[in-house]
């Protein structure tokens with residue numbers, strides 16, 4: 001199983017996003033948290049900022065939409081050239097339609113679940129998705145403590161993905177660090193969002209490499 005590290009720029013120097021992205025050349029993608037102060041109690045980047053990021057980097061852009069009315073707004077991020085667009089199941093009225101629309105625009109379609117939202121009701125639509133994102137903290141703010149209670153859900157999601165077949169990534173986001181990544185990898189995750197762990201390190205790129213090596217080692221046991 002391929003292990004991917006997609007650092008969140010939420011904890012980076014927001015005044016120099018292009019420079020901060022350039023500090024993590026070993027990353028498998030750049031995770032961009034879009035929040036609207038409605039779906040979550042925080043506000044971050046909108047489409048204009050994402051378009052500027054897109055224009056200034058060739059990195060794989062992994063957009064995480066924590067917004068209300070996601071069915072209306074998500075396609076614009078795919079249309080802007082972002083390689084992966086994640087919408088929250090809790091915010092979408094028509095997740096299958098939205099996933100198909102994102103794919104038709106050339107983006108990978110990804111669906112996110114809050115910690116308390118079960119995966120089982122969405123098992124039949126896994127074939128419409130390229131990635132499932134399981135939040136390991138409540139969405140809204142970076143730097144939160146990892147919730148171990150999500151580990152069983154990671155395992156159940158991995159089992160459903162394996163039963164379904166195909167190449168569906170399983171991403172975890174929230175509190176991912178050198179202290180927690182091995183548990184996530186052992187449970188079945190293969191794609192990891194790490195924000196503060198990467199950008200608080202003296203050498204962010206070295207941390208990306210170290211986290212990936214930890215995840216690979218955990219799966220080798």
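Derivation of every value follows stated rules applied to the coordinates shown; laboratory data play no part. Everything numeric here is computed off the predicted structure, so don't read it as measured data. Virtual Cβ from ideal backbone geometry, glycine too; neighbours counted across all protein chains shown.
Odds and ends about this structure:
- Cα-based equivalent ellipsoid of the range 4-220: semi-axis lengths in Å, sorted from largest, via gyration tensor: 23, 22, 16
- From the alpha carbon centroid of the range 178-221 to that of the range 39-74 is 24 Å.
- Here is how the number arises for the chain: DSSP H runs of 4 or more residues each give -39500 (n - 2.57), the sum is divided by the residue count, and the result at 222 nm is -10500 deg cm²/dmol.
- With both labels modelled 7 Å from their Cα along Cα-to-Cβ, the residue 144 to residue 162 distance reads 2.9 nm.
- Rg to Rh quotient for the range 22-140, alpha carbon positions, Kirkwood Rh: 0.94
- Pair-distance profile P(r), taking every C-alpha pair of the range 1-87, with 5 angstrom steps and integer %: 3, 14, 27, 26, 17, 9, 3, 0
- Dimensions in Å of the range 60-108 - Rg and Dmax from alpha carbons: 9.4, 27
- When each of 92, 200 is scored by the number of other beta-carbon atoms lying within 10 Å, the sequence from fewest to most is 200, 92.
- Relative contact order %, the chain, counting alpha carbon pairs below 8 Å whose residues are six or more apart: 21 percent
- For the chain, DSSP calls about 5 percent of its internal beta bridges antiparallel.
- Cα shape, the range 107-200, gyration tensor, a/c 1.5 rule: prolate
- Residue order, fewest to most beta carbons within 10 Å, for 49, 172: 49, 172
- Relative exposure of 136, 58, 44, 2, judged by other C-beta atoms within 10 Å (fewest first): 58, 2, 44, 136
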